[in-house]
Amino acid sequence: MNNAAADPYAWLLALPVLLPLLGAAVTVIGSRSPTLQRVVGIVVLLAVSAIAGVLLVVSDGTGPIVAPLGGWAAPVGIALVADRLSSLLLLVSTLVTLAVLVYAIDQRIADYGRGTASTTFHPMYLMLSAGVSLAYLTGDLFTLFVAFEIMLTASYVLITRRTSAQKIRAGMTYVTVSLLSSLLFLTAIALVYAATGTVNLADLAGRVAQLPPGLATVLGLMLLLVFGIKAAMVPLHFWLPDSYPNAPGPVAALFAGLLTKVGFYAMVRTQTLLFPRDDPWTLLLVIATATMLVGALGALAQNDINRLLSFLLVSHIGFMLFGLAVFDAAAVSGAALYAAHHITVLATLFLVSGLITRRTGTVLLDRMGGLLRTAPWLAALYAIPALTLAGVPPTAGFVAKLALLQAGAAAGPWPTVVAGVVIVASLLTLYALARVWVRVFWGAPKAALPDDDPDDEVLVGTSRTPMPMFAATAGLVVVSLAIAAFAGPLTAVTGRAGVDLLDRDPYLVAVLGSGGDR
Amino acid sequence: MTTINVAMALTVGTLFAAGFYLLLQRSLMRVLLGVVVLGHGTNLLLQIAAGPPGAPPVLGTGNTDLITDPLPQALALTAVVITFALTTFLLALGYRSFVLVGHDEVQDDVEDRRIATQTMPSASLDEDHDHVERPGADSDDDAGDDETGGDETGGDETGGDEPGGDETGDVEAAAR
């Protein structure tokens with residue numbers, strides 16, 4: 001047993017998982033005190049954001065940080081690993097989680113007063129955060145499964161709690177599909193273990209290379225399928241536009257921001273580490289093209305603003321898949337940058353949609369109108385993330401898309417063709433979002449419709465927007481603008497992350513130690 | 001040399017087939033049974049993965065030929081607990097659905113159907129890929145009614161019985 005030299009920052013690695021878990025426990029015990037629950041939630045997420053920031057700076061400076069749990073060095077023990085990609089996504093995800101929590105708390109206070117809180121919301125919210133952190137930080141395939149389960153179980157509760165007769169079927173679809181993908185993940189783990197005898201990712205990297213190529217391909221496709229369901233890549237995306245729109249506003253924003261991107265992160269991690277390739281991956285190029293087009297065209301057909309955003313979410317997963325499919329350092333770097341931007345902007349748009357729905361009382365676009373006159377600030381709040389998602393210069397979306405396009409154009413004829421599809425999908429996105437703009441903000445103001453579902457928790461059709469909800473959404477817009485403002489340093493970080501991911505050596509040496517058995 | 005345990009392989013295969021078949025049913029109760037059966041199949045597969053070629057991560061001395069690989073058993077234990085927890089959750093969800101709508105059938109997506117019946121040019125694409133996922137999606141359960149056992153009404157497009165369905169009904173009527 002060769003204990004890896006203790007990393008001075010290793011103790012920090014467990015905290016993004018432990019703090020939300022402890023916070024969840026405290027919020028369960030203190031469920032009679034809404035104020036305690038709220039303070040604990042915000043403090044924990046602030047602390048995790050700070051830790052993620054430190055991890056990003058340290059891992060960018062000195063390479064991946066490894067924490068062998070229980071003192072057992074990998075590959076015998078379970079290791080937590082923070083490299084540039086995982087710390088960057090952890091930081092962005094936690095900031096989004098924090099902003100959405102502030103929004104949810106303000107919504108609750110505005111609608112029900114300061115004295116009430118739900119007993120389940122805060123614990124489950126923090127559990128979900130713990131699961132997301134663990135998924136980013138783990139260096140072990142089975143722990144990744146556990147992380148997904150923590151995250152998904154919390155999400156099942158969040159999407160179905162206080163559900164109404166109208167919305168329960170959406171929860172059922174979501175739970176069933178997620179359960180199926182989890183069982184398939186477990187099957188994939190069993191097959192991987194049967195073939196290689198390990199579930200440690202770094203150890204697997206060496207052992208998968210020794211397998212017959214056919215077997216390695218099958219295992220790679222199994223994992224692609226599993227994470228494809230979670231990341232909503234076409235044709236495995238059908239559950240997403242069906243379930244997310246029926247979740248309460250802040251929950252939909254959280255899911256849209258985080259869950260699919262965690263699936264994409266797992267896909268990048270496993271494919272780059274375990275199944276390296278030298279050329280662009282044709283299969284994934286085709287899937288990326290289909291995802292971009294089906295998502296964007298599906299969005300055009302929608303009349304429900306949340307469903308429209310859900311289809312755009314699917315479409316933009318295709319952009320990231322394209323980055324992974326090209327499979328070189330520049331493209332993977334572009335995909336990482338795109339993921340960071342996508343987490344922020346989708347969460348923002350769903351929060352804005354929540355604010356719009358609050359004023360109009362409906363999610364149907366043809367029943368809205370004239371918000372530009374009645375709520376001009378809301379229009380500004382919608383316009384900025386919409387332009388960002390469409391990738392209009394000089395927003396963060398443009399920076400990320402440019403990185404992807406440059407990498408694609410440099411990688412050969414087929415990636416160049418798909419890069420053209422990226423541009424088409426971006427224009428379709430712009431068109432879909434402009435339709436929302438025309439329907440919602442232009443035209444004659446219409447009176448708010450009464451709440452069509454008074455049973456559920458979310459009140460809609462009120463004519464005022466509480467200032468704190470507005471501020472929380474604006475905070476996310478600022479994060480998105482900051483990604484554009486600091487595009488230089490960020491691109492440099494993701495560039496180094498991309499090189500590391502494709503090179504694999506920094507990760508392997510950090511986890512297994514230079515004296516490891518590779 | 002690795003040998004294959006045919007009996008185990010057949011058992012796992014049967015469990016997977018039965019599990020997937022049940023998952024494709026509309027009633028949440030059958031879906032639940034499907035998850036249980038599929039979970040058993042997966043855990044059994046994890047056990048088989050513990051066979052001799054597993055290079056057991058056992059420290060110390062002793063005759064490793066006699067020791068089975070303990071790791072998959074630990075993994076299966078974790079997986080069993082998770083599957084169990086989710087089974088109870090699905091049970092609760094099925095019961096909730098029963099309380100709310102009188103049955104535990106997974107309903108059609110109303111908005112999907114509305115778009116599918118639209119005659120907009122862009123709607124045809126949506127129809128294609130959404131309807132592949134749900135064969136037989138052309139039925140409409142009246143969810144507000146307590147006495148329905150979730151009978152499929154097969155192809156009839158009356159969306160007016162949905163709760164809040166006055167909106168969808170209007171739009172559908174307009175589309176037709």
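Only the coordinates and a few stated rules stand behind these numbers; no lab work does. Note that the structure is a prediction, hence the values are computed from the model and not measured. Here the Cβ is made from the backbone with ideal geometry for all residues, glycine too, and neighbour counts use every protein chain on show.
Extension gain, A:ALA50 to A:ARG373, is 112.3 nm, computed as 0.36 nm per intervening residue step minus the present C-alpha separation.
Based on the mean of other Cβ atoms within 10 Å per residue, sort peptides A:366-374, A:226-234 so the most packed one is first.
Ranked by mean Cβ neighbours within 10 Å, highest first: A:226-234, A:366-374.
Between B:SER27 and B:ALA92, the simple label model (points 7 Å from Cα in the Cβ direction) yields a spacing of 2.4 nm.
With the simple model of a label 7 Å out from the Cα in the direction of the Cβ, A:VAL424 to A:VAL57 spans 4.6 nm. Here the contact order of the range A:1-97, divided by its residue count and restricted to Cα pairs under 8 Å and six or more residues apart, works out to 33 percent. Peptide A:45-56 shows a mean partner chain C-beta count of 0 within 10 Å per residue C-beta. Each of A:LEU36, A:LEU378, A:PHE238 was placed along the dipole of the range A:10-512 (beta-carbon charges, centred on the mean Cα), and the one lying farthest toward the positive end is A:LEU378. Among A:SER243, A:SER87, A:SER164, A:SER133, sorting on how many other beta-carbon atoms sit within 10 Å of each Cβ, with the fewest leading, yields A:SER164, A:SER243, A:SER87, A:SER133. Residue separation of A:ASP366 and A:ILE29 scaled by 0.36 nm, minus their Cα-Cα distance, works out to 116.8 nm of gained length. Close amide-amide hydrogen proximity is noted between A:ASP304 and A:LEU365, each under 5 Å apart and 5 or more residues distant or on a separate chain (H modeled in the peptide plane; Pro and chain starts excluded). Here the protein assembly as shown is treated with +1 on each Lys and Arg Cβ and -1 on each Asp and Glu Cβ, and its dipole about the Cα centre works out to around 2280 debye.
How do A:LEU128, A:LEU337 rank when sorted from fewest to most other Cβ atoms within 10 Å of their own Cβ?
Values: A:LEU128 26, A:LEU337 29.
Fewest to most other Cβ atoms nearby, the residues stand as A:LEU128, A:LEU337.
Shielding of peptide B:16-25 by partners, expressed as the average count of other chain Cβ atoms within 10 Å per residue Cβ, is 1.
Relative contact order (percent) for chain A, with alpha-carbon contacts under 8 angstrom and 6 or more residues of separation?
On the way: 890 pairs, mean separation 87.7, N = 518.
Here the relative contact order equals 17 percent.
Taking 7 Å steps out from each Cα toward its Cβ at A:ALA471 and B:THR117 produces label points 4.7 nm apart. Per-residue mean of foreign Cβ neighbours for A:237-246 is 3 (Cβ atoms of other chains, 10 Å radius). With an 8 Å cut-off on Cα pairs and a minimum separation of 6 or more residues, tell me the relative contact order of the range A:209-318 in percent. The value is 33 percent.
You can think of it this way: the chain between A:THR120 and A:VAL392 has 93.9 nm of extra reach, that is 0.36 nm per residue less the Cα-Cα gap. Taking the average, over residues, of other Cβ atoms within 10 Å as the packing measure, peptides A:90-99, A:211-220 rank A:90-99, A:211-220 from highest down.
Rounded to the nearest 0.05, what FRET efficiency do A:ARG162 and A:GLN406 give with R0 = 60 Å and r taken as the Cβ-Cβ distance? Could you check? Mind dumping the intermediate values first?
Working: r = 47 Å, r/R0 = 0.78.
Once rounded, the FRET efficiency stands at 0.80.
Helical content of chain A, expressed as a calculated mean residue ellipticity at 222 nm, amounts to -25000 deg cm²/dmol (DSSP H runs of 4 or more residues, -39,500 (n - 2.57) each, divided by residue number, nearest 500). Simple rule: put +1 on each Lys or Arg Cβ and -1 on each Asp or Glu Cβ in chain A, find the dipole, and look at A:VAL421, A:TYR507, A:LEU88; the Cα lying farthest toward the positive end is A:VAL421.
Beyond 25 Å in Cα-Cα separation lie the following of the pairs A:LYS167/A:LYS230; A:LYS261/A:LYS446; A:LYS230/A:LYS401: A:LYS261/A:LYS446. Report the calculated FRET efficiency for B:PHE84 and A:LEU221 (r = Cβ-Cβ distance, R0 = 30 Å), to the nearest 0.05. The value I calculate is 0.55.
Within the range A:138-179, report the trypsin sites (Lys or Arg not before Pro) that DSSP leaves as loop and that have at most 15 other Cβ atoms within 10 Å. Working shown, then result.
On the way: sites: A:ARG161, A:ARG162, A:LYS167, A:ARG169; in loops: A:ARG161, A:ARG162, A:LYS167.
Answer by residue number: A:ARG162.
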